[in-house]
Each structure stands twice: as C-alpha cells, then as structure tokens.
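Step one of this worksheet: look at the structure below.
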Amino acid sequence: MASSTGEKGLIVSFGEMLIDLVPTVSGVSLSESPGFLKAPGGAPANVAIAVSRLGGRAAFVGKLGDDDFGHMLAGILRKNGVADQGINFDKGARTALAFVTLRSDGEREFMFYRNPSADMLLRPDELNLELIRSAKVFHYGSISLITEPCRSAHMKAMEVAKEAGALLSYDPNLREPLWPSPEEARTQIMSIWDKADIIKVSDVELEFLTENKTMDDKTAMSLWHPNLKLLLVTLGEKGCTYFTKKFHGTVETFPVDAVDTTGAGDSFVGALLHQIVDDQSVLEVSTHQY
C-alpha cells in the first residue's frame, strides 16, 4: 500500500543511459542505412521513464557525459517526471552511443561506442546515498558490472538499498558484444544473482545463462534461489511465465505487428514494478498453486 501520506513508493533505477541511433529504414544493415535518428536509450533509464509515465515515482542514478547528448538525456528524464538527483556528469568522457539495427522481423542488433563512456566511470563516492536509501524498489541491470569503477558503484548502491529495506529488482539485459567473453558475462551476471528479490530474464537470456536450449519450467527453475520472490521469463510474442515460492503460471500476450521491439522488455519491467511497489501481496497470494 502507499504510505500514510498517500505518497507512492519510489522506484530507483541504476545504470546506463545513452543515445540510441536508429536507422531511418528498417530491415537493413548499419552500413546500408541512409541515415539515423537519435533516441534516448539505456534499459534502467527506460524503466524509470515507464514507471513515471504510468503515474509512479521514479528516480535514475547514473553518469552521463558533460556534453550535449548527456544534458539532453537528463532533460528527457526531467520532462518525463523522473527525479534527477542521482545523475552525475563526467567532463572527461562522452555519453555512450548505441547503433541499433532493426531487422526485417522487428528484432534488434547493437553496435556500441563506449571506450570508455561516462556511465562506465561512475564511482562509489559519487552515489547519492540518501536517494538510494529512500527507494522502495531498487532496479538494475548487468551492464554496470562490466568494468570498474562502475562495478564497485553498482555493488555499493545495491548494498545500501538492501540495508534500507528496498526490494531489489534485476534485469540482466544481456548485451554480449560489451563483454570480453560469454563466460565472463555468465560469471558476472550470476555473481549478484542471489541478491535479487525479483528477476526478469528473456527466453534468449535464459538459454544463455543455463546453456540449455530446452525452454521449460525446469530450466527456468534452475535459476531459482532461496531468497527470490518472483522470477519472470519473457517469451516475446508468446507472453511470459512467472514463478514465486508458492505458485507459477503463464500470461499470454495479444497479437500485434512487431515494428520495433527496442525497449519492450523495459516497459514490461516498469509496468510490473509500478504495480507491485505499493502492494507486494501479489507475490504471496494466488489461486494457482504448485
């Protein structure tokens, strides 16, 4: 439930925000595209904006370049009602860029420019700990685990949020090209796995993390840990499956023509967190028992 003052619980997203450069023509390679449109991106920031647009309270913690793109992104957060007290600017590094290729089936391929980008340089001492301690839900991905000092900042923020009683929400948001190797990606993504209360993975990420091509409940439950309250596996056009300590089930989707799936999972997570931040009873009660 909301607080006694009627104020909704705060959802704080931690991690990267960047510029997506999207081809003006779908279904072509980057080299074949006649032009690109810039758009705000970065999974944690997308989640924060989704929460705010649904009427929730959201804040973003991360680092942007002290450049036109960085200040543009900060402005977009503010315009969408996302609290910006957790944003830092780096004078020595640029805001990250990601070229997003839209295939003919609406799925995406990524090419990143971050060598290093500002988000990778967030330090633990730059964290707004007061903001993080005020979170009722603290949401993050895995891209912030790839390099230091951002990894240490991530670990510190997660620890502070947990100590303050926040629900920890984890969407690995796998981007293989950013990792040194698939093995390193698996190791680091799983290194904080048992800290999260809520985990959302896609079917592709489930296959990657388990190294199992069989997409069934047993495979999903191999990722369960004792402190987990909710595990979600999104299945694209097939909907999603969900697992709690006491029940599990499947939610089907409705058919649409896929134009661009960029940010779809982030919108899903934002809607989920907005729904449960002030009413976690949905994680405890269901008529569909094991």
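Some notes on this structure:
- Taking the listed residues SER13, SER31, the one that is open to solvent by 20 Å² or more (accessible area, probe 1.4 Å) and either out of contact with any strand residue (DSSP E or B) (no Cβ under 9 Å at 6 or more places or on another chain) or not in a loop (DSSP other than H, G, I, E, B) (or both) is SER31, with no other qualifying.
- Against the list (1) on the phi < 0 side of the Ramachandran plot; (2) touching a residue at least 40 places away in the same chain (Cβ under 8 Å); (3) exposed (fewer than 15 other Cβ atoms within 10 Å of the Cβ); (4) assigned to a loop (DSSP other than H, G, I, E, B), the condition GLN85 fails is (4).
- Top-ranked residue in region 208-223 [being touching a strand residue (DSSP E or B) at 6+ places or on another chain (Cβ under 9 Å) and loosely packed, with under 14 Cβ neighbours inside 10 Å; ranked as nearest to ALA161 (Cα to Cα)]: MET221
- Residues that are open to solvent by 40 Å² or more (accessible area, probe 1.4 Å) and either closer than 14 Å to GLY15 by Cα or assigned to a strand (DSSP E or B) (or both) within region 53-82 comprise just one, ARG57.
- Residue within region 145-156 that is within 20 Å of VAL204 (Cβ to Cβ) and touching a Phe, Trp or Tyr at 6+ places or on another chain (Cβ under 8 Å) present: yes
- Scanning region 141-156 for residues that are part of a helix (DSSP H, G or I), among the hydroxyl-bearing types (Ser, Thr, Tyr) and open to solvent by less than 10 Å² (accessible area, probe 1.4 Å) returns a single hit, SER144.
- Matching entry among GLU237, GLU284, GLU205 (being open to solvent by 70 Å² or more (accessible area, probe 1.4 Å) and closer than 24 Å to ALA43 by Cβ): GLU237
- Considering (1) modelled with pLDDT of 95 or more; (2) touching a Leu at 6+ places or on another chain (Cβ under 6 Å); (3) within 18 Å of ASP266 (Cβ to Cβ); (4) of a type in the set (Gly, Ala, Ser), the lone condition that GLY70 does not fulfil carries the number (3).
- Condition check for ALA164: open to solvent by less than 10 Å² (accessible area, probe 1.4 Å) and of a type in the set (A, V, I, L, M): no
The values are calculated or read from the model by the stated rules, or taken from the named source; none is laboratory data. Just so it is clear, the structure is predicted and the values come from calculations on it, not from any experiment. All Cβ positions, even for glycine, are placed from backbone atoms using ideal geometry, and neighbour counts span all protein chains on display. The protein model used for the area step is the full one, side chains on, heavy atoms only, and it has no ligands, DNA or RNA in it. Shrake-Rupley method; radii C 1.70, N 1.55, O 1.52, S 1.80 Å.
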